[in-house]
1. Just checking, how many residues over region B:33-44 are in a helix (DSSP H, G or I) and closer than 11 Å to B:Leu288 by Cα?
2. Quick check on my filter: what residues within region A:65-115 are out of contact with any Phe, Trp or Tyr (no Cβ under 9 Å at 6 or more places or on another chain), more than 21 Å from A:Thr44 (Cα to Cα) and part of a loop (DSSP other than H, G, I, E, B)?
3. Looking at this structure, is A:Thr57 more than 13 Å from chain B (Cβ to nearest Cβ), of a type in the set (Val, Ile, Thr) and farther than 18 Å from A:Ala3 by Cα?
4. Wholly within region B:80-185, which helices (runs of 4 or more DSSP H) include no fewer than the required count, namely at least 3 residues that are of a type outside the set (A, V, I, L, M)?
5. Please count how many residues of region B:166-213 are surrounded by fewer than 19 Cβ atoms within 10 Å (Cβ to Cβ) and more than 13 Å from B:Pro112 (Cα to Cα).
6. Among (1) in contact with a Leu (Cβ under 9 Å, 6 or more places away or on another chain); (2) under 30 Å from A:Gly124 (Cα atoms); (3) of a type in the set (D, E, K, R), where does A:Asp168 come up short?
7. What are the residue pairs meeting all of these: first residue in region B:176-200, first residue more than 7 Å from every other protein chain (Cβ to nearest Cβ) and under 12 Å from B:Tyr123 (Cβ atoms), second residue among the β-branched types (Val, Ile, Thr) and buried (at least 23 other Cβ atoms within 10 Å of the Cβ), Cβ atoms under 6 Å, and 6 or more apart or on different chains?
8. Among the candidates A:Val209, A:Val200, A:Val171, A:Val221, single out the residue that is over 26 Å from A:Pro27 (Cα atoms), of a type in the set (Val, Ile, Thr) and surrounded by 18 or more Cβ atoms within 10 Å (Cβ to Cβ).
Amino acid sequence: MSALTLKNLDISYGDTKVVHGVNLDVPEGESFALVGESGSGKSTILRAIAGLAPEWTGEISVLGTPRTHRVDRNVSRQVQMVFQDPYGSLHPRKTIDSALSEPLAIHGIGNRDERVEAVLKQVGLDQRFRFRFPHQLSGGQRQRVAIARALMLEPKVLLLDEPTSALDVSVQAEILNLLKRLRREQNLTFLMVTHNLPVVSFLCDRLAVMRHGRIVEIADVAQLKQGELREPYSRELLAATAG
Amino acid sequence: MTTRAWLLADSPTSRWQANAGRAYRVFTALLRNPLSVLGGVIILVLLLTALFAPWIAPFSPTGQNLSQRLLPPSGVNWMGTDELGRDIFSRVVWGSQITLTIVLLVALISAPLGLLIGAIAGYFGGWVDKILMGFTDIFLSLPKLILALAFVAALGPGINNAIIAIAVTSWPAYARIARAETLTIRNAEYISAVQLAGGGPIRVIVQHILPLCTSSMIVRVTLDMAGVILTAAGLGFIGLGAQPPLPEWGAMISRGRTFILDQWWVATMPGFAIIIVSLGFCFLGDGLRDVLDPKSEGKS
């Protein structure tokens, strides 16, 4: 079954249309990357799937069911998102514990203490971080918390918006390894936005190259690794990041 | 483990310890600023005076003794007596209760009201914002004292109506601040994360946006307290606030006006009380601003 299906998706912010006629199908368990330069509409697609960019037309289906334009509670249990900036994605006045318990409280799920402890273990954070405030954590630790928060509702699909671009190179590797392990352990589907092609070859199975709000090419990671992308623009992008 | 080590623990083990630690850090930062300590001490003295007025005041605040009228300050009447022979010191002490009541009630009514209206307007935007802010602008465009006067005139003079009038005139400024803060917060990723988890607008506003607005609100409210005291005193001075024989400071100044040339202490003593308490709130507010500023968060 498809985890995510996008059909003729147009997304606009006000009067400006930023994504044009995107068609995409991500099977369950796959890790799919959207790559492209800044402003090519990749993050906007993630926000529309998550329900944070409500002005779209076309069809977005999650695990076979079309989603509505607003944030909806059933969809939030299936799809969660990890944001780009770990410094901006955690509430400065809330402890890690309350950030992680919040989704459980919203959905009325019990056993909160145990679940929070379990998820901290999953993302490789010590229990002593549990009652700290975000400013007492490093960037990498914050991003682990953000990933943990996304996992609280045990979603099937994780949307990753450049999850490592705000981090140091050494920390990036840790987070990527963590994501890879989590995906294997929980059979997650990833839809990741990035402009870092090495990250794509490390973590993803397929990729779509985007430009000016349109998908230029969809390719296998094997093609990327061998430098066998078809479209001239994709080759250009590959050359630019390799150089 | 000492209490201090427990409070400053790097890895708190419970919700309660984490919050207590944060409060302790704010408190110690506040102690490092001498002016805010002075302000805090003044407010503390005001609180204690109001609480223990019956024991502190040597005389009754309302008991008249016409043979003792208009006596200058002395060992018996520390601040002298007024035109009805009442001890001014006792009246100032009892007046602290009235002032504190006014200040607290105005803060309790207007700050939450302003916060809520501002946060709702900022969060929803669109026509909700337009209506609420239009309403706020109408209130803002009217001079505070005049508006309070109009309310008191409509409701009738008295301390409760003065409180209502002042509260009604002071919320719009808070609503503006709360709205401005909400606008900068509402698109933050941590708000998106709550929405994404299925959190509705009430949860987002009450649990996530308001806590971030409150620190600047506390600062603003303490700084405004001086203005509230003065407005209350002003209403009392005009005769629309507390009614005689209540020992409200503004009303006392108003009565002393007649004798200001020959018996200066009648109007001056309550004037001092107003100045000192207003200054206390200003100092404390300034200190709080330095400590609670979200931008300095993490440094303290």
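The values are calculated or read from the model by the stated rules, or taken from the named source; none is laboratory data. Predicted, not measured: the structure shown is a model, and the values here were computed from it. All Cβ positions, glycine included, derive from the backbone under ideal geometry; neighbour counts span all protein chains shown.
1. Count: 5.
2. Those that are out of contact with any Phe, Trp or Tyr (no Cβ under 9 Å at 6 or more places or on another chain), more than 21 Å from A:Thr44 (Cα to Cα) and part of a loop (DSSP other than H, G, I, E, B): A:His107, A:Gly108, A:Ile109, A:Gly110, A:Asn111.
3. Numbers: more than 13 Å from chain B (Cβ to nearest Cβ): yes; of a type in the set (Val, Ile, Thr): yes; farther than 18 Å from A:Ala3 by Cα: yes.
Against the criterion (more than 13 Å from chain B (Cβ to nearest Cβ), of a type in the set (Val, Ile, Thr) and farther than 18 Å from A:Ala3 by Cα), A:Thr57 qualifies.
4. Details: elements: B:88-124, B:126-141, B:144-155, B:159-185.
By residue number, B:88-124, B:126-141, B:159-185.
5. Total meeting the criteria: 9.
6. Here A:Asp168 clears every test but (1).
7. Listed pairs, sorted by first residue: B:Thr182/B:Ile209; B:Ile185/B:Ile209.
8. Values: A:Val209 fails: over 26 Å from A:Pro27 (Cα atoms); A:Val200 fails: over 26 Å from A:Pro27 (Cα atoms); A:Val221 fails: over 26 Å from A:Pro27 (Cα atoms).
Just a single option satisfies the conditions, and that option is A:Val171.
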